Amino acid sequence: MFSIPGIGSLLINAVKGRDIPVVMGTLIFIAIFVGIINLIVDIIYAFIDPRVKLTA
C-alpha cells in the first residue's frame, strides 16, 4: 500500500525539490478533501443518531 506512488510521495518530492506551487496545490487539495469528508461524516452521523439535530 505504501509503495504505490500517490499524493503523499508527490508532496514529499515537491518539498525536497522546493517546488512551491506543487506543495501549495497539494496542501490545498488535502485540506479541501479532509473538509469535505468531515462534512459528509457529520451529515451521516446526524441521520444515524436521532439525538443530533441539523441546524441551519
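The values are calculated or read from the model by the stated rules, or taken from the named source; none is laboratory data. Because the structure is predicted, anything quoted here is derived from the model rather than measured. Glycine gets a Cβ as well: all are built from the backbone with ideal geometry, and neighbour counts include every protein chain shown. Ligands, DNA and RNA are excluded from the accessible area calculation, which covers all protein heavy atoms including side chains. Shrake-Rupley method; radii C 1.70, N 1.55, O 1.52, S 1.80 Å.
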Residue ID - modelled with the lowest pLDDT, chosen from residues in region 1-34 that are open to solvent by 100 Å² or more (accessible area, probe 1.4 Å) and assigned to a loop (DSSP other than H, G, I, E, B) = M1
Would you pick out the residues in region 1-40 that are of a type in the set (S, T, N, Q) and in contact with a helix residue (DSSP H, G or I) (Cβ under 9 Å, 6 or more places away or on another chain)?
-> N13, T26
Test L54 against the stated conditions and say whether it is touching a helix residue (DSSP H, G or I) at 6+ places or on another chain (Cβ under 7 Å), modelled with pLDDT under 90 and aliphatic (A, V, I, L, M).
-> yes
